[in-house]
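Undergrad: Sharing a structure with you now.
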Amino acid sequence: MLSLIFELPNSDVQNSVECESRPESISSNNFIENEEYGNFLQNQLSHNLPMLLPERTESESTKTESEYDCTWFNDMILITTDGKFFSFYHSFLSKHSIKFAQIYQTSESLPIVINLNLNSYFFQTVIDFLNGNSDPISNGIVENEPDIFFFSDEFQISSLLQASLPQFQEFFINPLNVCQTIQMAFDKNCEETKKICKKFFLGNLSKINPQEFVKLSSEIKSYLFSS
């Protein structure tokens with residue numbers, strides 16, 4: 001049976017220095033593997049209740065307060081499309097993303113829960129990239145998986161955006177999907193994706209499917225032909 005105790009985050013022991021000085025912990029400890037705990041946490045969040053923490057095991061008792069706090073007192077929880085929970089201290093995400101910083105600054109309650117349009121495998125690749133491992137991105141992992149590029153654009157992660165841009169332009173965008181892609185870009189306010197689609201659209205007018213074009217809103221059509 002899961003034993004639980006109430007604890008509230010303590011700003012004196014949980015801070016960006018402690019968490020950010022241990023980048024390995026972001027990639028290894030941020031994933032909440034305990035499905036029972038994840039389900040319980042989701043239920044608590046839906047009722048806006050304080051975080052409930054599992055009682056520490058004997059092995060966890062050897063951790064310092066700062067190590068334990070950075071693991072469990074994270075204030076942003078991201079949920080992937082396959083239902084995996086990833087928890088973070090806000091300063092890690094805010095350091096890389098303007099959007100995450102804005103979300104944290106304007107939030108009225110903690111923890112903040114965000115549903116992503118990205119599965120756990122690709123999201124883990126993103127976290128590894130932010131921790132300094134750029135190999136999967138530079139080796140073309142986004143060749144057939146544009147969601148990483150869309151994610152970087154939606155959340156304004158400039159370093160990831162630039163790293164994934166070449167593969168996105170070369171392998172993904174084409175006359176068959178450009179209209180659908182720019183529609184998604186407008187829905188999610190992905191500015192870089194809008195620009196890429198516009199440039200591709202104007203350079204390939206004769207190849208664009210007119211049936212897809214007529215489905216676009218007047219706002220998007222005006223954008224495509226604006227100077």
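Undergrad: Of Ile208, Ile173, which residue is of a type in the set (A, V, I, L, M, F, W, C), surrounded by 15 or more Cβ atoms within 10 Å (Cβ to Cβ), farther than 26 Å from Phe85 by Cα and touching a Ser or Thr at 6+ places or on another chain (Cβ under 8 Å)?
TA: Details: Ile208 fails: touching a Ser or Thr at 6+ places or on another chain (Cβ under 8 Å).
Step by step, each of Ile208, Ile173 is checked, and only Ile173 is of a type in the set (A, V, I, L, M, F, W, C), surrounded by 15 or more Cβ atoms within 10 Å (Cβ to Cβ), farther than 26 Å from Phe85 by Cα and touching a Ser or Thr at 6+ places or on another chain (Cβ under 8 Å).
Undergrad: Which condition number does Ser152 fail, the rest of (1) on the phi < 0 side of the Ramachandran plot; (2) loosely packed, with under 14 Cβ neighbours inside 10 Å being met?
TA: So Ser152 meets the others, but not (2).
Undergrad: Output the residue which, of all residues in the stretch 90-131 that are more than 25 Å from Gln162 (Cβ to Cβ), touching a residue at least 24 places away in the same chain (Cβ under 8 Å) and out of contact with any Asp or Glu (no Cβ under 6 Å at 6 or more places or on another chain), is surrounded by the most Cβ atoms within 10 Å (Cβ to Cβ).
TA: Restricting attention to the stretch 90-131, the residues satisfying the condition of being more than 25 Å from Gln162 (Cβ to Cβ) are 106-113, 115.
Remaining after also requiring touching a residue at least 24 places away in the same chain (Cβ under 8 Å): 109-113, 115.
Within this subset, residues satisfying the condition of being out of contact with any Asp or Glu (no Cβ under 6 Å at 6 or more places or on another chain) are 109, 112-113, 115.
Working: Ser109: 8, Ile112: 20, Val113: 16, Asn115: 11.
Among those residues, the one meeting the criterion is Ile112.
Undergrad: Here's something else I'd like to know. Restricting the first residue to the stretch 180-192 and requiring it to be of a type in the set (Asp, Glu), which pairs with a second residue that is part of a helix (DSSP H, G or I) meet a Cβ separation below 8 Å and a spacing of at least six or different chains?
TA: Listed by first residue and then by second, the contacts come to Glu191/Asp153; Glu191/Ala185; Glu192/Asp153; Glu192/Leu161; Glu192/Leu165.
Undergrad: Leu202 fails exactly one of the following numbered conditions: (1) touching a Phe, Trp or Tyr at 6+ places or on another chain (Cβ under 9 Å); (2) modelled with pLDDT of 95 or more; (3) crowded, with 20+ Cβ neighbours inside 10 Å. What is the number of that condition?
TA: Among (1) touching a Phe, Trp or Tyr at 6+ places or on another chain (Cβ under 9 Å); (2) modelled with pLDDT of 95 or more; (3) crowded, with 20+ Cβ neighbours inside 10 Å, Leu202 violates only (3).
Undergrad: Here is a further query. Here's a check for you: in the stretch 177-227, which residue that is outside any loop (DSSP other than H, G, I, E, B) and basic (Lys, Arg) is nearest to Ile148 (Cα to Cα)? Can you show your working first?
TA: Quick first cut of the stretch 177-227, residues outside any loop (DSSP other than H, G, I, E, B) only: 178-188, 191-203, 205-207, 210-213, 218-225.
Filter again for basic (Lys, Arg), leaving 188, 194-195, 198-199, 207, 221.
On the way: Lys188: 14, Lys194: 16, Lys195: 17, Lys198: 20, Lys199: 20, Lys207: 26, Lys221: 26 Å.
Among those residues, the one meeting the criterion is Lys188.
Undergrad: To continue, here is another question. Mind checking which residues of the stretch 173-227 are in contact with an Asp or Glu (Cβ under 8 Å, 6 or more places away or on another chain) and under 20 Å from Gln156 (Cα atoms)?
TA: Across the stretch 173-227, the qualifying residues are Ala185, Phe186, Lys188, Asn189, Cys190, Glu191, Glu192, Thr193.
Undergrad: Can you pull out the strands (runs of 3 or more DSSP E) entirely within the stretch 73-157 that have at least 2 residues that are at pLDDT below 90 and within 19 Å of Asn189 (Cα to Cα)?
TA: Those strands (runs of 3 or more DSSP E) do not exist here; none qualify.
The values are calculated or read from the model by the stated rules, or taken from the named source; none is laboratory data. Everything quoted here is computed from the prediction, not taken from an experiment. So basically every Cβ, Gly included, is an ideal-geometry build from the backbone, and we count neighbours across all protein chains shown.
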